[in-house]
Every structure is written in structure tokens, then in C-alpha cells.
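Inspection log for the structure reproduced underneath, given as C-alpha cells.
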Amino acid sequence: MQNKVWQWTGPNEVTSGVAERKDPGSGEAEIRILSIGVCGTDLHIMSGHAGFGTPPLPLGHELAGVVERIGAGVAGWQPGDRVCIDPLIGCGTCRECLAGNKHRCAKSGEIGLHFPGGWQEYLTVPAANLYRLPDSVGFAEATQAETLHCCLGGIDKLNIRLGTHAAVIGDGPTGLYYVQLLKAAGASHISLYGMRDSRLDLGRRLGADVTVNLRSPDAAAAAIASETQDIAIDAAGNEASLKLGIELLKRSGQLLLFGLPGQPILADIQAVVLKELTLSGSTNAPQVWPRVLEMMASGSVRVEPLLTQRYPFEELDQAIAFARSEPDEAVKVIVGQA
Ligand SMILES: [Zn+2]
Ligand SMILES: [Zn+2]
């Protein structure tokens, strides 16, 4: 049985081909991939600077589809079930895995980053990595459960009280999700800092009370001078965003470090000490997936406004090219069906 596949084959290069379909083994399920989110991480890996993944490799870690076949010993799943996929795979036997923290497993890796991902018609994955989609959540939306679960894991690390003031730095998809999650968590005043007016407008529609375009230095300076935030979330991950996060916080504020700097960066630790700030890093959060799907189903987080472009699977190369060449326009590019 044949499987249509797109692979990352070299610096910024994708190539289509066919491969044999893999029969699901014990504990595995074969998923017909129906929707794929294009992530900044995909572009980063394809540039060759991510430090992991070796071409040729099908990428794709934001995935939704239907169960096609199940392997031996798989209970609770039937062909046709609508699912999204947690791409993270741990060893399953170490202390962290057994405690439900497979993202902290020394041997863990991700489908689409370290292992073959979902840029294919059919993908075989451990059945334990599947989550059932609520009827009201479409496949394109469901790809975003992966991104959202990382964001919700970050929110869980913060002490958010009703009436809190919070700042989000970064107007990419994660920044826009954080605005919504902070709102849902009871923050009463949310400021969004970014570089692109169109995305800041979207941030206001999704719940930001104030937006600041950092390309206008006067606006940024005024915002720092006039605001004292309880919480700042760095969803950009660079030296300037970290500096801004530290400046925006009031004494004893909490800084969530979420965006991933590509290299070591400098930080004003003196300010961190003197202001008695709490810094937390955050990556994946395996235990929050069911709550992400609850939030999507209930409408307390909205994904649809972020899905800006759609391409059929046959044009995955064009979707990638668009995401790379039009970062202002492409908030979240989806490959496959709605
Ligand atoms: Zn991603
Ligand atoms: Zn482990």
C-alpha cells in the first residue's frame, strides 16, 4: 500500500515522493492525516539551524486526522475516530515518564522533529498519543491543540489571580493564544507587544486591552513607563523581548519564558534580583491535552481567526514557501482540509 509523503530534503527544500505504508504494530494506530499546521519550528528545522532532525525527514507535528487501522492490543479506538496527536514520545519506563512528565524524559523525542512527522497521507503513532476530537472541533482547528497545550502548560506554571495585569510579548500564534488564555484565567488587563499592526489588531479582537507596536519606540517607552505588570510572558524569545519583560514587571512579578532564543542571550539579572522576580521556563505539558480540547470545544479559546491560509496536501511545498516568504500575512498556514 502506497503513502504519499513530503520530505525535508535539504536547506529550505521539500520534495514529494511515495513510500510504503507501515502496518500499525502492537499498541499503535495508523492515522489518515487530514490537517497539518505549519509551525515556525518547521521553518527553523528546514533552515538547518535547529540542531536536531536530519534530512530526509517528513516534518509536521501539528496534526489531526482519523484512525484508519489499529494494531494489536489497542483498546478504545475504532477506524473513523476523529483525533489529534500528541507528537511527544518518551521511553515509557523512566521516572519522569511514569510520573506523567514524558517531556522531561532524557530519551524523549517528537514526531515531526526527531522522528518522521505528519507530512504524509498515513502516519503510524502510539495509540497512547491520540486524543479524541469533540464534534464541534474541526480538523484544521484541532492541529492547534499541540501549540495550545504548550501555552496552557505555561499558564499552569503562573500564579494568576482574578484582576491580574499581564503583558504578552510576541504577536505570533503563541502570543495570540496566550492573550486568550490569560483572559480565560481571569486577568483583567492584558497588553500585547508586537511588531505587526495586523496581528496586534487580531490580538485586540481576541481580548487584548492594549496593544503596542514595538517598531514605534515612543509607544514602547510610554508603555514601560506607565505600566506595572504582575505577569509578563515572553512569547518571542530574544534579547529585546526578555529585556522588555523584565522592565514591564512590577516588583515580585512573574516572568514566563516561553519563546526559544536561537542562541545564548544577555539578561539584566541585577534587575531580576532587585525586583524579586520569579522566572519560569516552559515547554510541553503532556497532562494538559484533555483541558485544551475542553477549552476549544467550549469556545473559551478561539483558533479559527488565526488560520489565515489553507493549502491542499498536494501543495504543501507552496504552503511552506508562503509561510517563509510572507511572515506578516501568514499567522497560521494549514495544509489539508477544514
Ligand atoms: Zn509547532
Ligand atoms: Zn522516559
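Quick check, is D197 under 18 Å from L256 (Cβ atoms), among the acidic types (D, E) and open to solvent by 10 Å² or more (accessible area, probe 1.4 Å)?
Considered against the rule, which asks whether it is under 18 Å from L256 (Cβ atoms), among the acidic types (D, E) and open to solvent by 10 Å² or more (accessible area, probe 1.4 Å), D197 comes out as no.
Okay, residues lined up against (1) surrounded by fewer than 16 Cβ atoms within 10 Å (Cβ to Cβ); (2) farther than 16 Å from T124 by Cβ; (3) without any contact (Cβ under 8 Å) to a residue 24 or more places away in the chain:
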site	(1), (2), (3)
A29	no, no, no
L43	no, yes, no
E62	no, yes, no
G90	no, yes, yes
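Do any strands (runs of 3 or more DSSP E) entirely within region 238-338 hold 2 or more residues that are open to solvent by less than 80 Å² (accessible area, probe 1.4 Å) and touching a residue at least 60 places away in the same chain (Cβ under 8 Å), and if so, which?
It comes to 249-257, 332-336.
P55 - would you say it is in the same structural domain as R132 (by TED's automatic domain parsing), open to solvent by 40 Å² or more (accessible area, probe 1.4 Å), in a loop (DSSP other than H, G, I, E, B) and farther than 30 Å from S136 by Cα?
Considered against the rule, which asks whether it is in the same structural domain as R132 (by TED's automatic domain parsing), open to solvent by 40 Å² or more (accessible area, probe 1.4 Å), in a loop (DSSP other than H, G, I, E, B) and farther than 30 Å from S136 by Cα, P55 comes out as yes.
Picking from L88, L43, L98, L57, which residue would you name as being over 20 Å from E146 (Cβ atoms) and of a type in the set (A, V, I, L, M)?
Of the residues listed, the single one that is over 20 Å from E146 (Cβ atoms) and of a type in the set (A, V, I, L, M) is L98.
Look at G175 and say whether it is within 15 Å of ligand 1 (Cβ to nearest atom), in contact with a His (Cβ under 8 Å, 6 or more places away or on another chain) and closer than 29 Å to L57 by Cα.
It is false that G175 is within 15 Å of ligand 1 (Cβ to nearest atom), in contact with a His (Cβ under 8 Å, 6 or more places away or on another chain) and closer than 29 Å to L57 by Cα.
Report, by residue number, each residue of region 8-52 that is basic (K, R) and in a strand (DSSP E or B).
Once the filter is applied, which keeps residues that are basic (K, R) and in a strand (DSSP E or B), region 8-52 yields only R32.
How many residues are open to solvent by 10 Å² or more (accessible area, probe 1.4 Å), assigned to a loop (DSSP other than H, G, I, E, B) and more than 16 Å from ligand 2 (Cβ to nearest atom) if we restrict to region 105-129?
Residues that pass the stated criteria total 3.
The values are calculated or read from the model by the stated rules, or taken from the named source; none is laboratory data. Quick caveat: nothing in here was measured; it's all calculated off a predicted structure. Glycine gets a Cβ as well: all are built from the backbone with ideal geometry, and neighbour counts include every protein chain shown. With ligands, DNA and RNA removed, areas are computed over all heavy atoms of the protein, side chains included. Shrake-Rupley method; radii C 1.70, N 1.55, O 1.52, S 1.80 Å.
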